[in-house]
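Below is one structure, written out as structure tokens, with a few remarks after it.
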Amino acid sequence: MRVTPAVLGLLLVLVPASMPLAEDDLAARTTASQEAIKSLAGTLVGQLSLALADGGPVAAIEVCNLVAPEIAHAESAARGWRVGRTSLKLRNPANAPDAWELAVLQDFEARKTAGADPKTLDHAEIVTDDGRRSFRYMKAIPTMEVCTTCHGASVAPDIAAQLDALYPEDRARGYAVGDIRGAFTVVQPLD
Ligand code: HEC
């Protein structure tokens, strides 16, 4: 092919779109994703602690049931991204992982088995899906003591009854402190 000015022009238009993001851009998008996650996690834990102190665990289930998706939606809408939570063992089927998220969750488990601290597990990647590129980021969520009230092996009968009523297919019990409960997931569309 002869590189005429027209071809050169075309190349200049096409090449930047198909080039990978610069490393510093990847780092910036990772940091921005971590900030969105911090904001979501902070609001969630804050609301959860308030509700636990105020009305006890059964009332606090409402925070996770109603408030968690709302907070995640607000966080997503504010930035035009998708920010949410997912897991290999779900409570709410609406939080189901897509194929990419499933692979990353499995990788987190493998890295933990190999000795990694769940607090440090994350993954950032540019993913092309149906011809559209997005920056995607996931960060593992370790199980803490407070989580076992509703996600542990021995959930109190009143809490279990409320969970059974709201989530008939609940698989998110039986977790011990230090287990990976799931992950935060962020999608930043690029195209
Ligand atoms: C008061 C009960 C309660 C406590 C305490 C609690 N959760 Fe949950 N959790 C829920 C409920 C209810 C849902 C389902 C939310 C929904 O419908 O999206 C949920 C969902 C989740 C999900 C989304 C994936 C899924 O399974 O649907 C993650 C991740 C999660 N919880 C992590 C945690 C962590 C980490 C803690 C401790 C910091 C915690 N939870 C404490 C009740 C609780």
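The values are calculated or read from the model by the stated rules, or taken from the named source; none is laboratory data. Note that the structure is predicted; figures quoted are calculated from it, not measured. Don't worry about glycine lacking a Cβ; one is built from the backbone with ideal geometry, like all the others, and counts go over all protein chains shown. Ligands, DNA and RNA are stripped out before the accessible areas are found, and what is left, the full protein with its side chains, is counted by its heavy atoms. Shrake-Rupley method; radii C 1.70, N 1.55, O 1.52, S 1.80 Å.
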Practice problem: Being among the basic types (Lys, Arg) and either more than 9 Å from the ligand (Cβ to nearest atom) or without any contact (Cβ under 8 Å) to a residue 60 or more places away in the chain (or both) is the filter here, so list the residues in the range 154-180 that pass it. | Solution: 173
Quiz prompt | Matching residues in the range 133-153 - criterion: being touching a His at 6+ places or on another chain (Cβ under 9 Å) and either over 28 Å from residue 39 (Cα atoms) or touching a residue at least 60 places away in the same chain (Cβ under 8 Å) (or both) | solution = 137, 139
Quiz item: So which residues in the range 22-67 are more than 14 Å from residue 84 (Cα to Cα), open to solvent by 60 Å² or more (accessible area, probe 1.4 Å) and among the aliphatic types (A, V, I, L, M), if there are any at all?
Solution: 45, 50, 53
Exercise. Search the range 135-153 for residues being hydrophobic (A, V, I, L, M, F, W, C) and near the ligand (Cβ under 7 Å from one of its atoms), and hand back the single one that is most open to solvent (accessible area, probe 1.4 Å).
Key: 144
Quiz item: Could you say which residue among 99, 124, 103 is small (Gly, Ala, Ser) and either within 14 Å of the ligand (Cβ to nearest atom) or open to solvent by less than 50 Å² (accessible area, probe 1.4 Å) (or both)?
Solution: 124
Quiz item: What residue, of 110, 77, 116, is under 19 Å from residue 37 (Cβ atoms), more than 15 Å from the chain's Cα centre (by Cα) and at pLDDT 95 or above?
Solution: 116
Quiz item: Would you call residue 50 part of a helix (DSSP H, G or I), in contact with a strand residue (DSSP E or B) (Cβ under 7 Å, 6 or more places away or on another chain) and more than 9 Å from the ligand (Cβ to nearest atom)?
Solution: no
